[in-house]
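The next block holds one structure in the form of structure tokens; read it before the comments.
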Amino acid sequence: MVRILGIETSCDETAAAVVDDGRVVRSSVVSSQVDLHARYGGVVPEIASRAHVEIVDDVIAQALLEAGATWSDLDAVAAAHGPGLAGALLVGVSAAKAIALATGRPYVGVNHHEAHMYAALLEDPELEPPFVTLVVSGGHTLLIAMEKHGEYRVLGQTVDDAAGEAFDKVARFLGLGYPGGPVIDRLARTGDPTAIAFPRPMLDDGNDFSFSGLKTAVVQYVRKHPDVAVADVAASFQAAVVDVLVTKLLQVADEADISTLVIGGGVAANSALRARVADEGATAGLRVVLPALGLCTDNAAMVAAVAWWRLAADGPTSLAGGAYPSLRIGDPA
Ligand code: KG4
Ligand code: ZN
């Protein structure tokens, strides 16, 4: 058995988890900084780094405690080393390297997006590649075919805003607060998704996405119709995003001839997206894996999961390794 401590500090969540053999979550602790950033309407990098520094030791201690683990039980220590906010990433990377050095265990730096893909393997212990995965978060919108562990083909991505960014910007415009995704998701339940026919950007145009025009369409519509019900705007906007995401996910699965669909990242917590992927996947006779909500939003269990595969395939990461704010899928760190 290989027991890995994972650490995640790439944005505004400080998280630590203990995972055995890349599949069995012994503990997963997430401390959110949402309250610290909410008044600014978005994540303030300097505040994020400082908050990570203040709490990371406690979060790690809590993860070990909940797992009933000690330092000497650990076989490796992993951290997400990119992409993300430079100062925030450095906190998790430094903590992981310090623990690795002190315990003599290997350090593994992992890609945050690769970790989002691996969340599905924690949800479904039987899941193995090949699968097609839609990674939708605050910073990225990616359609990726995972042929084998560590072998990826990026088949589609956003040409401008990420899906989560669109949720956050529309919510901010509507005065709903930060982060926008969960608020719009909740509000949309009381609205009519067919009330306003917002555009479906690039729906019939390849596998890439574009969300900035949709955001502008929402702004223009609301300025023109100031009395519109906000719940209808939320539901109609969400329906447009979900429509594009799900259409392209199925399209890519068909083109790549892969019969398993996986979603990951914060936006994968969206109830309309989950329902639609489950529905359309079932209709198309595909297997669908929807990670639990806590595995979709940022967490460290996914970091420890992917680290297990990476350690077996590539060995440890050098302690000279740093943080890589612009790391992409498939980049050598
Ligand atoms: O993966 P994540 O926790 O952090 C990043 O790696 O970015 O994703 C955060 C994003 C935010 O944009 C947030 O608004 C969005 O995920 N999000 C949602 C929902 N929950 C979180 N978007 C839509 N519906 C949700 N229920
Ligand atoms: Zn993330």
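Just so it is clear, none of the values below were taken in a lab; they were calculated from the coordinates. As the structure is a prediction and not an experimental result, all values here were calculated from the model. Using ideal geometry, Cβ is built from the backbone for each residue, glycine included, and neighbour counts are taken over all protein chains shown.
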Within segment 62-190, percent of DSSP bridges classed antiparallel, to nearest 5: 70 percent
Give me the one-decimal nm value for the distance between modelled label points at Ala195 and Val2, 7 Å along each residue's Cα-to-Cβ direction. 5.1 nm
How much length, in nm to one decimal, is gained on full extension between Ser212 and Asp257, taken as 0.36 nm per residue of separation minus their Cα-Cα distance? 13.2 nm
With a 10 Å cut-off between alpha carbons and a GNM built on the chain, which of Ala284, Ala80, Ala162 moves the most? Ala284
Could you list log10 I(q)/I(0) for segment 106-222 at q = 0.10, 0.19 Å⁻¹, which the Debye formula gives when each Cα is one point scatterer? -0.39, -1.10
Inter-part gap, Cα centre of segment 264-316 to Cα centre of segment 121-194, in whole angstrom, is 10 Å
Output for segment 221-318 (equivalent-ellipsoid semi-axes, sqrt of 5λ from the C-alpha gyration tensor, Å, descending) is 33, 20, 11
What is the antiparallel percent of DSSP beta bridges lying wholly in the chain, to the nearest 5? 60 percent
Using Cα springs under 10 Å in a Gaussian network model of the chain, which residue among Ala38, Ala239, Ala312 shows the largest mean-square fluctuation? Ala312
Please build a GNM for the chain, connecting alpha carbons under 10 Å apart, and tell me which residue among Pro193, Pro226, Pro201 fluctuates the most. Pro226
Stretch gain in nm, segment Ala102-Asp331, where the contour uses 0.36 nm per residue and the Cα spacing is subtracted: 79.6 nm
Just want the ordering: Thr247, Thr297, from fewest to most Cβ atoms lying within 10 Å of their own Cβ. Thr247, Thr297
Per-residue [θ]222 nm for the chain (sum of -39500 (n - 2.57) over DSSP H runs n ≥ 4, rounded to 500): -14500 deg cm²/dmol
Between Leu203 and Asp73, what is 0.36 nm times their sequence separation minus the Cα-Cα distance? Round to one decimal in nm. 41.8 nm
Hydrodynamic radius (Kirkwood) for segment 153-275, which is based on Cα pairs only, to one decimal in Å: 14.7 Å
If neighbour count is taken as other Cβ atoms inside 10 Å, put Glu114, Glu13, Glu54 in order from fewest to most. Glu54, Glu13, Glu114
Rounded to the nearest whole number, the Stokes-Einstein translational diffusion coefficient of the chain at 10 °C and 1.306 mPa s (Kirkwood radius, C-alpha pairs) in µm²/s is 79 µm²/s
I'd like the Kirkwood hydrodynamic radius of segment 1-132, using the inverse of the mean 1/r over distinct C-alpha pairs, in Å. 15.1 Å
Whole-number D in µm²/s for segment 93-148 (Stokes-Einstein; Kirkwood sum over Cα pairs; 37 °C, 0.692 mPa s): 247 µm²/s
